[in-house]
Amino acid sequence: MEGRWVQLKDYTVYLDRKIGAGGQAPVYVAYKGKNKYAAKCIPNKTVKHLLDNELLIFRKNKTHKNVIRIIDFCEWEEGKSAWIFMEYCKYGSLKDFCRNNPRYFSNNRVKLDIILQISAGLKFLHELNLIHRDIKPSNILLTEEDGQMVVKIADFGVSKQASGTSTRTIVGTIQFLAPEFWPLNENLDPVQRKYNEKIDIFAVGLTFLAMIQNSCVDQVLLPKIKGLKKSQESLAIGQLMYMRKVDGDTPLSVVSVEHDDDDFTNLIKTIIIECTRIEPQERISAEHIYQKLTSLAVQQVTFFYHIFGVLHIGIYYFKADWILVVGMLSNFSFPKSSTSFPKAALRKLDVQRM
């Protein structure tokens, strides 16, 4: 291959093939033999925390299908950068996926598949007492494994190992910050700003909201609120929630469940409401999100296989407690998208005939 490149261990990193630029750490295409990887550059020791945070899961020797996997890394040498080598996700971020394939993404079964996998990955992180602290569409990646679409939570540069005490540092993306982050005043008494893994729940709720809005950019649209001032329309949802609480106004609900919603939209809206409650202790857990989505997916699988007269449904369980239950029709035809996507983007279930 032509172009600027650098050799690191057994990896060839192509510096003119940038595929991401999260925070202060650009990401490039890399190869080891014929295998393709993503190589993240940690430029200098002033941002050493980025390397330490990215390696939190790697050093625990834990993996999950829905969390980006680190393959290798090399630490700093004199005058050189540190590098992390990760699995390559060929379809990019959820943000790009939604923007480039609006017709494909409008399918509720595709959304359910993606949302279920995000919840499975987040459940895994919280079981390890890890707080991601920057959940948003651009940090959710999509790839293909064995002909199936796989969703992975990525970018752990600001993640945090939860401890017995609450975390207080201001990190993340403004539009997805939970109410407990506000006001964004570094001089605020740290005791007044305490948070835990429920900030991830708030952010994932807004990510789901962006998905049902069919936008999936790294911001979400404010709901129509009676009496909302023009000056408040550009506020982050968490900020607006905080301001209404301080002013004694009615708590903000980011979505409303309508009587004519289908089962999928009804459940997702309910989950979004439970994720975005202003009080952290009242928010749903990642475990419960996963359980609710699994229940809906099983119902849909059962419904579709009854239609086709299938007598028995076999469901695979992966070792990471990840259930493959979405994607009911093995020969389902999707709308053509502007880019190439897996032929079997939905899950295929093993159907055992009696």
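The values are calculated or read from the model by the stated rules, or taken from the named source; none is laboratory data. Keep in mind it's a predicted model, so treat the numbers as computed, not measured. Methodologically, a virtual Cβ is constructed for each residue, glycine included, from the backbone with ideal geometry; neighbour enumeration extends over all protein chains shown.
Quick look at the numbers
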item	result
Matching residues, segment 262-278, being of a type in the set (S, T, N, Q) and assigned to a helix (DSSP H, G or I)	Thr265, Asn266, Thr270
Residue tally, condition at pLDDT below 90 and within 16 Å of Gly121 (Cα to Cα), over segment 52-103	7
Within segment 82-103, tally of residues that are surrounded by fewer than 19 Cβ atoms within 10 Å (Cβ to Cβ) and closer than 17 Å to Pro43 by Cα	0
Residue match in segment 155-175 (condition: within 11 Å of the chain's Cα centre (by Cα), under 22 Å from Gly20 (Cα atoms) and at pLDDT 90 or above)	yes
Where a residue in segment 280-298 is among the aromatic types (Phe, Trp, Tyr) and its partner, wherever it lies, is surrounded by 18 or more Cβ atoms within 10 Å (Cβ to Cβ), with Cβ under 6 Å and at least six apart	Tyr290/Ser119; Tyr290/Ala120; Tyr290/Lys123
Residue within segment 65-75 that is aromatic (Phe, Trp, Tyr), touching a strand residue (DSSP E or B) at 6+ places or on another chain (Cβ under 8 Å) and surrounded by 21 or more Cβ atoms within 10 Å (Cβ to Cβ) present	no
Given (1) in a helix (DSSP H, G or I); (2) hydrophobic (A, V, I, L, M, F, W, C); (3) without any contact (Cβ under 8 Å) to a residue 24 or more places away in the chain, index of the condition Leu50 fails	(3)
Sole exception among (1) more than 18 Å from Gln213 (Cβ to Cβ); (2) under 18 Å from the mean Cα position of the chain (by Cα) for Lys80, by number	(2)
